[in-house]
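Undergrad: Here it is, the structure in full.
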Amino acid sequence: MYRLLCLLFLGAVLAKHEIYEGYAVYEVRVKHHDQTQYFNQLQYQLDVDVWSYAAPGRPGSILVSKDKRVELEELLTAEDIEFEVKTENIKEFLDLEDKLLADVSRKSYNASRSAGLPFDRIYTYHQVDAFLEMLAKEYPETVKLVNAGKSFEGRDIKYLKISTTDFQDESKPIVFMESLLHAREWITLPATLYAIHKLVIDVTERDLLQDIDWIILPIANPDGYVHSHKQARFWRKNRATGYMIGNICMGVDLNRNFNFNWGQASSNVVCMDNFHGRGPFSEPETAIIRDIFAEYSDRIELFLDIHSFGSMILYGWGTGVLPPNALILHMVGVQMAHAIDAVKMSWNRDYIVGNCALVLYQASGTAGDYGKVAGVELSYTYELPGLRFGLGTFGFLVDPNFIEQAGFETWEGIKVGARYVRDNYKVKRGL
Ligand SMILES: [Zn+2]
């Protein structure tokens with residue numbers, strides 16, 4: 001029996017990332033609008049995974065299975081679109097990521113009251129959960145842990161409320177931030193965990209804790225996140241079933257499932273990575289976020305939905321139409337970006353700030369747009385930087401050397417946004 005278990009375990013280890021064997025990553029350079037449009041729709045035409053959208057002057061990247069490579073190259077050549085193969089086999093980089101993360105994971109850590117978590121690794125769902133529980137127990141004066149409900153597969157979705165006044169002081173604005181709405185964007189988790197660290201454990205700028213109430217949801221899509229650790233590293237959606245007979249394809253893109261222009265710029269095909277679900281808030285994970293907005297909407301002044309990758313700070317609307325306060329959104333966005341750029345790693349490019357549809361692509365039913373609908377003046381999507389291993393665009397993969405930096409530099413931007421709403425909330429409320 002023991003030998004059988006050993007063999008089964010070995011089989012599981014060997015099989016890791018097997019589904020990505022022979023998948024190549026292409027970097028693609030477009031010269032004008034027509035080529036941009038063409039590249040960005042390839043996910044529909046060829047059923048490939050567009051990792052980042054292209055624009056003139058900014059390459060896009062795409063993950064392609066072995067059997068589709070010839071066709072892709074023919075299509076790009078016919079359209080006179082330049083491309084470069086960044087890796088012939090992404091599995092090698094997945095194995096590298098595993099090795100690097102496993103090396104640091106062997107070092108033991110003790111998530112104590114004073115030390116917190118070391119920022120040298122990516123934590124699992126259970127590790128994050130234990131950390132949040134520990135904080136609520138050790139810091140009852142500032143931290144409350146809210147169990148907001150269950151994911152599709154029944155995992156708890158928990159967020160922290162951080163406040164010196166137990167959320168009772170109406171004169172304070174609330175900053176709400178979340179990460180991992182998209183499961184594979186692992187580098188976004190250190191951003192929320194770092195913010196928690198600086199607000200609870202290592203408080204060096206007391207005004208941020210004193211003057212502002214914080215809601216921080218580190219794992220917005222727990223089922224997808226667990227799946228991306230165990231089965232499919234590049235899984236993006238949640239794990240909802242019942243959309244297709246036999247569940248050949250499953251999962252809803254949670255960042256297309258919110259109720260603003262739902263279904264207009266997303267897919268109704270279950271197998272697609274931007275499948276919008278059967279209706280707005282059809283998924284428990286998005287309904288929970290909607291309810292957070294509903295409960296605190298009169299005081300949430302800043303919402304940050306942390307994604308990766310691309311070094312961008314984006315605001316609505318997803319259609320390309322600008323909201324009435326677009327100038328303020330842009331101005332505060334630029335200030336946040338400047339703060340990050342001032343401390344960023346030299347190999348990552350400067351942040352781009354702009355309307356999400358104009359900078360990136362049209363999208364509907366996003367959390368960022370819904371935040372605005374729910375009454376949040378300043379609602380942004382962050383796209384954290386994506387260059388890895390000194391090799392280019394492997395943006396979903398994590399280099400342990402970038403984990404603390406991702407937390408630290410993003411926090412520089414968040415602070416600027418938080419202080420802006422703090423200062424203006426007083427004016428707004430006539431205080
Ligand atoms: Zn994302």
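Undergrad: Take every DSSP beta bridge with both residues inside the chain and express the antiparallel ones as a percent of the total, to the nearest 5.
TA: Roughly 55 percent of the beta bridges in the chain run antiparallel, per DSSP.
Undergrad: Taking every DSSP beta bridge with both residues inside the range 309-431, roughly what % is antiparallel (nearest 5)?
TA: Within the range 309-431, antiparallel bridges account for around 55 percent of the total.
Undergrad: Same structure, new question: Ignoring everything except DSSP H segments at least 4 long, calculate the 222 nm mean residue ellipticity for the chain; use -39,500 (n - 2.57) per segment, divide by total residues, nearest 500.
TA: It lands at -11000 deg cm²/dmol.
Undergrad: Can you list the aspartates and glutamates whose alpha carbon is less than 16 Å from that of Lys415, not counting same-chain residues fewer than 8 positions off?
TA: Glu178, Asp202, Glu205, Asp207, Asp211, Asp213, Glu301, Asp305, Asp341, Asp423
Undergrad: Tell me, what is the FRET efficiency for Arg419 and Gln41 to the nearest 0.05, using R0 = 51 angstrom and their Cβ-Cβ distance as r?
TA: 0.80
Undergrad: Sorted by average packing, counted as other Cβ atoms within 10 angstrom per residue and highest first, what order do 219-227, 240-248 take?
TA: 219-227, 240-248
Undergrad: Determine which lysines satisfy two conditions relative to Lys86: a Cα distance under 23 Å, and not lying fewer than 8 residues away in the same chain.
TA: Lys16, Lys31, Lys66, Lys68, Lys99
Undergrad: Between Asp98 and Asn268, what is the FRET efficiency for a Förster distance of 41 Å, r being their Cβ-Cβ separation, to the nearest 0.05?
TA: Plugging the Cβ-Cβ distance into 1/(1 + (r/R0)^6) gives 0.70.
Undergrad: The chain: Rg/Rh from Cα coordinates, Kirkwood Rh?
TA: Here the Rg-to-Rh quotient is 0.95.
Undergrad: Another question about this same structure. Restricting to the range 76-228, compute how many DSSP beta bridges are antiparallel as a %, nearest 5.
TA: 70
Undergrad: Assuming 0.36 nm per residue, please report the length gained on full extension of the stretch Asp207 to Lys150 beyond their Cα-Cα distance.
TA: Stretched out fully, the Asp207 to Lys150 stretch lengthens by 17.1 nm.
Undergrad: For every other residue with a beta carbon closer than 14 angstrom to the beta carbon of Val146, add +1 if it is Lys or Arg and -1 if Asp or Glu, then tell me the sum.
TA: -4
Undergrad: Would you mind finding the longest exposed-site-free stretch of the chain, with exposed trypsin sites (Lys or Arg not before Pro) meaning DSSP loop and at most 10 other Cβ atoms within 10 Å?
TA: Longest stretch, sites excluded: 108-431.
Undergrad: What is the dipole size for the range 321-431, taken about its Cα centre, with +1 at each Lys and Arg Cβ and -1 at each Asp and Glu Cβ, in debye to the nearest 20?
TA: Charge dipole of the range 321-431: 420 debye, to the nearest 20.
Undergrad: According to the Kirkwood expression over distinct Cα-Cα pairs, how big is the hydrodynamic radius of the range 350-411, in Å?
TA: Computed over Cα pairs of the range 350-411, the Kirkwood hydrodynamic radius comes out at 13.8 Å.
Undergrad: Which lysines does Lys158 reach when only Cα atoms under 20 Å apart count, and residues fewer than 8 places away in its own chain are ignored?
TA: List returned: Lys137, Lys144, Lys150, Lys198, Lys237.
Undergrad: Right, another one. Could you give me the radius of gyration and the Dmax of the range 287-416, taking only the C-alpha atoms into account and expressing both in angstrom?
TA: Rg then Dmax for the range 287-416, in Å: 14.8, 45.
Undergrad: Tally Lys and Arg at +1 and Asp and Glu at -1 over the other residues with C-beta under 15 Å from the C-beta of Asp34: what net charge comes out?
TA: -1
Undergrad: Something else about it: What is the log10 of I(q)/I(0) for the range 2-97, computed with the Debye formula using one identical point scatterer on each Cα and no solvent, at q = 0.14, 0.15, 0.19, 0.23 Å⁻¹?
TA: The Cα Debye sum returns log10 ratios of -0.55, -0.61, -0.85, -1.12.
Undergrad: Now, a different point. Largest first and in whole Å, give the semi-axes of the range 160-274's equivalent ellipsoid, each being the square root of 5 times a Cα gyration tensor eigenvalue.
TA: After scaling each eigenvalue by five and taking roots: 34, 17, 10 Å.
Throughout, read-outs are computed from the coordinates displayed, never taken from laboratory work. No experiment lies behind these values; they were computed from the predicted model shown. Counting neighbours? That spans all protein chains shown, and the Cβs are built from the backbone with ideal geometry, glycine included.
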